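First up is the structure itself, then whatever we jot down about it.
Where a number appears in this text, it was derived from the coordinates with a stated rule and is not lab data. Here the structure is a predicted model, which means the values were calculated and not measured. In this analysis, Cβ positions are derived from the backbone assuming ideal geometry, glycine residues included, and neighbour counts consider all displayed protein chains.
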Amino acid sequence: MKEYKRHDYREIELYKDVPEEDWNNWKWQLRNVVTDIDTLKKIMPIDESMEQDLEKCLEKFTMAITPYYASIMEKDYPRGVVRLQAVPTINELHVAADDQDDPLHEDVDSPVPGLTHRYPDRVLLLVTHICSMNCRHCTRRRMVGDHDTHLTRESIDKCIDYIREHKEIRDVLLSGGDPFTLTDDSLEYVISKVREIEHVEIIRIGSRTPVVMPQRITDDLCNMLKKYHPIYVNTHFNHPDEITADSKEACERLANAGIQMGNQTVLLRDVNDCPNIMKKLMHELLRIRVKPYYIYQCDLSVGISHFRTSITKGMEIIENLRGHTTGMAVPTFVVDAPGGGGKIPVMPNYLLSQSDRRFALRNYEGVITTYTQPEEVFSNCGRCNICKESDKQYKPLDGVAKLLSGEKLYLEPANLKRRKRD
Ligand SMILES: *Cc1c(COP(=O)(O)O)cnc(C)c1O
Ligand code: SF4
């Protein structure tokens, strides 16, 4: 099997005397995050006009690059796909007409500070506002003056209370910021409290740490996590160049602790808006035991309009994956709807037409085929124990599913004009 590159950080003047012991210590990495232009200058060449642009950007948005991520950045290539995700460009100051401050309405859907409850059976618990790195394309962009903090114990306890009181929550997603910026002890506090709640079935952690600070994925961390299974970790690789010997080892360490690894990619112009790059990324992810989960359409946060692509680019990428390679390598392409509508999948059409009994379908090669439905197709539903039990608990029949179950014949907007006419 192909070996992944281990970048030699000593090639960077600034880091040439850093002992390996420090380099491999995540606390050292965090302490030495690059936040100012003078330090950045010691890592890559910065000309005068670029420096002026950076100064302007840093008046508005913060910069934070881990030494590790700096060591894998393209030094001499301003349009480098790794570098574009880390080093601000003047484009960030452009406010596009459709930019929004909280496009996903995470604040609006928040019953307790730190917690977003948008879907019926799962919640997002933002355990920290801190990330080791400030990704340039981030939805939750850091503005200068934002105070970067972990959630206080008190706030966390309130979130935990909310989860305890809401029996319909079976899935708790820890995110932030990046939960792996917490110490093992602080993270264990949250995870163990969540695990104590009987109706919580799975715990998921969303973290870009394996990509931007793989040194954090220590044996101690993995040993702590594996006490609380089932635990899932979704990480965030955007380009095959981010898969290095170090990030591979971090993912493998988590996988070896029995943690299912998934990946959420953001579709970014000039970084990964190409079917070939995406296919390579998905293949490489499977090789490091990470299952592609989502590709996100870039959202409408302020200052990231230069990263946005058309939605059709995402569809083209799926068209180039499905069938051409294993379904294991095909994530779901989603648009996170403004206004808190949640993730909406978008994909090419495979169903061409239909009659009472026959479906005309096309495959990835363009072969058009049919499926003929048997005459007897109706399910004998509603008699088994699963339905009987769900009467007591939670009925997963809301929205459009309600139309299909027959509970409702139509859905309509709350303020439909027609209904107000006398
Ligand atoms: C994405 C998201 C989730 C999790 O969605 P899954 O499709 O289950 O991964 C939960 N809550 C919020 C607010 C989200 O944005
Ligand atoms: S790690 Fe995630 S939350 Fe943090 S800056 Fe990057 S994209 Fe944003």
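Brief remarks on what is shown
- Antiparallel bridges, percent of DSSP beta bridges restricted to region 115-345 (to nearest 5): 25 percent
- Extension gain for ASP47-ASP171 works out to 39.8 nm (0.36 nm per residue, less the C-alpha to C-alpha distance).
- Packing here is the average count of other Cβ atoms within 10 Å per residue, and on that basis the peptides 301-310, 34-43, 5-14, highest first, run 301-310, 34-43, 5-14.
- Using a Förster distance of 60 Å, the FRET efficiency for TYR77-PHE359 (Cβ separation, nearest 0.05): 0.75
- Helix 48-60 vs. the chain, principal-axis angle (Cα, 0 to 90°, nearest 10): 50 degrees
- For the chain, the longest principal axis of the Cα atoms and the long axis of helix 245-256 meet at an angle of about 40 degrees.
- Dipole magnitude for region 115-345: about 500 debye, using +1 per Lys or Arg Cβ and -1 per Asp or Glu Cβ, origin at the Cα centre.
- Separation in nanometres of the label points that stand 7 Å from Cα toward Cβ, at VAL144 and ASN276: 4.1 nm
- For the residue pairs LYS42/LYS343; LYS27/LYS291; LYS5/LYS291, the C-alpha atoms sit more than 31 angstrom apart in LYS42/LYS343.
- Taken about its Cα centre, region 256-349 carries a charge dipole of about 260 debye when Lys and Arg each add +1 at the Cβ and Asp and Glu each add -1 at the Cβ.
- Charge-dipole axis of the chain as Lys and Arg at +1 and Asp and Glu at -1 on Cβ define it, positive-most pick from PRO67, ILE37, HIS129: HIS129
- Among LEU352, HIS283, VAL302 - extreme Cα towards positive end, dipole of region 271-370, charges at beta-carbon: HIS283
- Distance between modelled label sites at GLU154 and LYS420, nm, 7 Å Cα→Cβ extension: 4.3 nm
- Lys/Arg +1, Asp/Glu -1 at C-beta; the chain dipole; positive extreme among ILE318, GLY80, CYS274: ILE318
- Computed label-point distance, nm, for sites THR372 and VAL346 using a 7 Å Cα→Cβ extension: 3.8 nm
- Whole-angstrom gap from region 290-322 to region 199-261, using each part's C-alpha centre: 23 Å
- Given charges at beta-carbon only (K, R positive; D, E negative), |dipole| of the chain in Debye: 1600 debye
- Intensity falloff of region 115-345 expressed as log10 I(q)/I(0), Debye formula with alpha-carbon point scatterers, at q = 0.11 Å⁻¹: -0.56
- Scattering from the chain was approximated by placing one identical point on each alpha carbon and applying the Debye formula without solvent; log10 I(q)/I(0) at 0.07, 0.08, 0.09 1/Å stands at -0.39, -0.51, -0.65.
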